[in-house]
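Undergrad: Okay, here's the structure, questions in a sec.
The values are calculated or read from the model by the stated rules, or taken from the named source; none is laboratory data. Note that the structure is a prediction, hence the values are computed from the model and not measured. Because the Cβ atoms are built from the backbone with ideal geometry, glycine has one as well, and the counts that use them run over all protein chains shown. Note: areas computed on protein heavy atoms with side chains; ligands, DNA, RNA excluded. Shrake-Rupley method; radii C 1.70, N 1.55, O 1.52, S 1.80 Å.
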Amino acid sequence: MGISKHELKFYKNFEKMASDVISLAKAFFPDKMIYINYLSDEEQVTLKVSSHQTKINLYEGMTIKVNEGLCNTIDFTRNQPLIYEDIKNEKHLDDFKDILLKANINAYMGIPILLDTGERFGTLCSAHDEATHFDEKSIVMLEKLAQMFSYYLKLEHLAYKDHLTGVYNRQYLHKHFEDLKTYDGYILFFDLDRFKQVNDTLGHETGDLVLKEMANKLEEFTYPYQDAFVCRLGGDEFLVILPEIDTQYQIVELANTLHRELSDWNTPIGNIQLSSSIGILHYFKDEKQSLRDLLEKADKALYDAKSNGKNRFTLYQ
C-alpha cells in the first residue's frame, strides 16, 4: 500500500526536504517553476512550489481530480519522464491542452517519484509559461533529485509500518486517530482463533504467511473507504478503523463479510480451524474519550466474542 496524504504530515523535516529538492532543481532551471505533486487514485495535490515568481497559475495545496492532471499520464511502470516543450503546438494532448494553457503552462516536464515497492508517490515537475528546451543533462539531474526524494520517503514510511505485514503500526494509530475523531466511526478489534496452534504445529514461517494474508484481506476490505486504515498491534491482533460508517446495520453487514473472509485461507494450514473473533466499538466525535479508553472497550468486546465460543463478532454494549 502506498503513502497516504494523511501520513505525510507526520514525517520529520518533510517541508525542509521538499524545499531542498526544489532549491537544487532551481539551480538547473532558474527561470522555471519547480513543484512536487502527490498522486492518489482520486486526486492530484501540489505539495510544494518554488518561490520564483512566474505567470503560471499554480499554488501549494492546489487539488484537482487525478484524471484532470497531466502527471497522471506519465509512464510510472517504465519510470520515464514526460516532456512537452511547446504545448501550444502539440497535437495529441486532447483536453489537457486547454487545462494547461489556462494555468499558463506552455512547457512541462514531469519526473516520476516512485516508492521502493514500485508504487507511485507523485512527480517532480518543471514548467514554464513559454515554449522551452529541456536539455539531457538537466533531465538526468532532475531524475536523480526525484530518486533522492524517494529514498527519504522510504525511510519515513518505514517508521509507521509494521515490518512483517506492511500495514500501519501502533505509532501511526496514535498519531492519526485524533484526526479521525472529527467523525463518528467504528473500531474493529481482531484476534485469530487457534493461531498459536498454527505456530506450534506448522512453524512460525507459516504463521507469518497467515498474518500477511490476514493483513491483505483487511486492506482489501478498507479500499472503498477513504479514511479507513488497518493497524497491527502485535502478534495476531489487528485493528480496522472505519470513520465513515455510522449505522449498526451497516457495520453488522460488513462484519459478516469480514468474518467469512477470515474463515477461508489460501495459506496451507492443514486441518486447523483457523477463524477470527472480532470486537466492535462504535465511537462518537463528541465523546471525550482517549484512544486508550476506546481500545479497552473494543478489547472487552473482543474478549466477550472469544468467551462465547470464538469465531464470531460482538458489539460493545
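Undergrad: For each pair in K102/K144; K16/K48; K5/K48, compute the distance between the two Cα atoms and list the pairs where it is over 22 Å.
TA: Details: K102/K144 30 Å; K16/K48 10 Å; K5/K48 13 Å.
Exceeds cut-off: K102/K144.
Undergrad: Additional query: Taking only C-alpha pairs under 8 Å that are 6+ residues apart, what is the relative contact order of segment 73-150 in percent? Write out the running numbers ahead of the final one.
TA: Details: 117 pairs, mean separation 23.2, N = 78.
Value for segment 73-150: 30 percent.
Undergrad: Another question, if that's okay. Compute the length gained on full extension between T73 and F10: take 0.36 nm times their separation in residues and subtract their Cα-Cα distance, giving the result in nm to one decimal.
TA: Values: separation 63, 0.36 × 63 = 22.68 nm, distance 2.88 nm.
Extending this stretch completely gives an extra 19.8 nm.
Undergrad: Taking the Cα-to-Cβ direction at E253 and at M62 and moving 7 Å from each Cα, how far apart do the two end points lie in nm?
TA: The answer from the label model is 4.0 nm.
Undergrad: If you don't mind, another one. Given a Förster distance of 41 angstrom, what is the FRET efficiency for S290 paired with K154, based on the Cβ-Cβ distance and rounded to 0.05? Walk me through the intermediate numbers first.
TA: Working: r = 32 Å, r/R0 = 0.78.
Once the sixth-power term is evaluated, E becomes 0.80.
Undergrad: Also, I was wondering about something else. How would K102, K26, K9 rank on accessible area, largest to smallest, probe 1.4 Å?
TA: K102, K9, K26
Undergrad: Using the alpha-carbon centroid of each, what span in Å lies between segment 82-140 and segment 239-317?
TA: Measuring centre to centre over Cα atoms gives 47 Å.
Undergrad: Which distance in nm do the two modelled labels at N89 and N271 give, with both placed 7 Å along the Cα-to-Cβ direction?
TA: It works out to 7.8 nm between the two label points.
Undergrad: Below 8 Å, C-alpha to C-alpha, sequence gap of six or more: please give me the relative contact order for the chain in percent. Walk me through the numbers before you get to the answer.
TA: Numbers: 548 pairs, mean separation 43.8, N = 317.
Averaging sequence separation for qualifying contacts and normalising by length gives 14 percent for the chain.
Undergrad: Hey, another quick one. Using alpha-carbon pairs under 8 Å, 6+ residues apart, how would you state the relative contact order of segment 160-307 in percent?
TA: On the way: 225 pairs, mean separation 49.6, N = 148.
About 33 percent, as a whole number.
Undergrad: Shifting gears a bit: Going from the alpha-carbon gyration tensor of the chain, what semi-axes, largest first and in whole Å, does one get by taking the root of 5 times each eigenvalue?
TA: Equivalent ellipsoid of the chain: 45, 20, 17 Å, largest first.
Undergrad: Rg and Dmax of segment 79-173 over Cα atoms: what are they, in angstrom?
TA: Both quantities, over Cα of segment 79-173: 17.3, 52 Å.
Undergrad: Please compute the Kirkwood hydrodynamic radius over segment 44-124, one decimal place, Å, based on all pairs of different Cα atoms.
TA: 13.6
Undergrad: Next question, about the same structure. Quick one: grab the alpha carbon gyration tensor of segment 1-90, order the square roots of its eigenvalues as a ≥ b ≥ c, and give me rounded if a/c is under 1.5, else prolate or oblate depending on whether a/b is larger than b/c.
TA: oblate
Undergrad: Once you list every other residue whose beta carbon is under 9 Å from the beta carbon of I34, what net charge do they have if Lys and Arg are +1 and Asp and Glu are -1?
TA: So the surrounding residues net to +3.
Undergrad: Arrange the residues M148, M17, M214 by how much accessible surface each exposes, largest first, with a 1.4 angstrom probe.
TA: From most accessible down to least: M148, M17, M214.
Undergrad: Taking R0 as 22 Å, what's the FRET efficiency between R194 and L164 from their Cβ-Cβ distance, rounded to 0.05? It would help to have the intermediate numbers written out before the result.
TA: Values: r = 19 Å, r/R0 = 0.88.
Calculated transfer efficiency: 0.70.
Undergrad: Stretched out fully, how many nm does the piece from N216 to H174 gain, at 0.36 nm a residue minus the Cα gap?
TA: Using 0.36 nm per residue and subtracting the Cα-Cα distance, I get 13.0 nm.
Undergrad: Decide, for segment 185-317, between rounded, prolate and oblate: order the square roots of the alpha carbon gyration tensor eigenvalues as a ≥ b ≥ c, take rounded if a/c falls under 1.5, and otherwise choose prolate if a/b is larger than b/c, else oblate.
TA: Cα axes put segment 185-317 in the prolate bin.
Undergrad: Here's another thing I want to ask about it. Once R0 is set to 35 Å, what does the formula 1/(1 + (r/R0)^6) return for the Cβ-Cβ distance between K300 and S40, expressed as a FRET efficiency to the nearest 0.05?
TA: Between K300 and S40 the formula returns 0.50.
Undergrad: Considering only the other residues whose Cβ falls under 13 Å of the Cβ of D191, what net charge follows from Lys and Arg at +1 and Asp and Glu at -1?
TA: Once all neighbours under 13 Å are counted, the net charge is +2.
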